[in-house]
Amino acid sequence: MLPAEASYSWENDITVGLDGMSWTYTEQYSDSRSVLYRAFIDSELGDNDGFVSAWEVLKMDTTSRAQLLGLLEGNMDVKINGSSDAIVVTGVESDMSMESLGPVTKEDTIVNMYEVHYVFEEPIISLGDRIWFLGEPGTAVTIRLPDNIKVESTEGIDNVSIDSGDLGQEVSGDFGFTGEAVIHFEPDMVLHLEGEEDEETPVSSVESDTKSFGSLVDEIFPGFTDDFLKTVRGNSLI
């Protein structure tokens, strides 16, 4: 866990398909916060020599992804109609910034990306009519939905906007003060009827993660903590 003063700044990009979804986190450290980030890696995971090496960044990557997976196994951050029983996390990928390397004291901006992959055991429209997400309060979020799902309403998303495109609707805004967001949806009957007439109508879905990992325990994204999860539980939108 990073020291409290090294606060995070990140964005959430979520793509929901009929059979699964992906959630990409982009975190950024700049100025003095990047120094704190490097200092944490060097002192807690490295040899505390004032320089962050490649093996220390790799260890940070492995440790942080393992922490994220552990949190998701105990507190899933997505549910459909109040349940995560039919949702399985299949893997976590990461892209660690090379700007983490070098002297601890440099203030170059660090941008890391983590992508979590989920699979639905049944098509989302068979599981329910609302999907719930748990993110960091106040952070930007974009949620893309498949083209045969229509957004009815949203909860917990500040400054929300809903745009329609060829590939489906896109909901954007910021996670509210609880970090919980809910999208109420229904099948798009117009597209459904068109699909019955034309079997070649494309159906959007997110492919499950096909990359193999040494161990699921080695996968995660830093940023969620048990304290944060316990705090938001008190005001649930589920």
Sites GLU121 and THR142, calculated FRET efficiency, Cβ-Cβ separation with R0 35 Å, nearest 0.05: 0.85
Label point distance in nm, ASN75-LYS59, each placed 7 Å from Cα along Cα→Cβ: 2.7 nm
Counting only protein heavy atoms with a 1.4 Å probe and every protein chain in place, the carbon and sulfur fraction of the accessible surface of region 10-93 in whole percent equals 46 percent
How far, in nm, would the chain grow between THR109 and SER9 when pulled straight, counting 0.36 nm per residue and subtracting the alpha carbon separation? 34.8 nm
Could you sort the peptides 161-174, 11-24, 140-153 by per-residue average Cβ neighbour count (10 Å cutoff), highest mean leading? 11-24, 140-153, 161-174
Neighbourhood net charge (11 Å Cβ-Cβ; Lys/Arg +1, Asp/Glu -1) for HIS184: -2
Distance between modelled label sites at SER153 and ASP95, nm, 7 Å Cα→Cβ extension: 3.8 nm
Which whole-number percentage describes the relative contact order of region 1-154, with Cα contacts under 8 Å and a sequence gap of 6 or more? 36 percent
For region 55-68, Karplus-derived ³J(HN,Hα) couplings (6.51, -1.76, 1.60; θ = phi - 60°; whole Hz; x for glycine and proline) come out as 5, 6, 5, 4, 5, 5, 4, 4, 5, 5, 5, 5, 5, 5
³J(HN,Hα) across region 89-101 via Karplus (A = 6.51, B = -1.76, C = 1.60, θ = phi - 60°), whole Hz, x for Gly/Pro? 7, 9, x, 10, 9, 8, 9, 7, 5, 6, 5, 5, 6
On full extension of the chain, what length is gained from ASP163 through ASN48, given 0.36 nm per residue of separation minus the C-alpha to C-alpha distance? 36.5 nm
Rolling a 1.4 angstrom probe over the protein heavy atoms, how many square angstrom per residue are accessible across region 100-196? 46 Å²
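The values are calculated or read from the model by the stated rules, or taken from the named source; none is laboratory data. The structure presented is a predicted model; accordingly, all values stated were derived computationally and were not measured. Virtual Cβ from ideal backbone geometry, glycine too; neighbours counted across all protein chains shown. Only protein heavy atoms, including side chains, enter the accessible area calculation; ligands, DNA and RNA are left aside. Shrake-Rupley method; radii C 1.70, N 1.55, O 1.52, S 1.80 Å.
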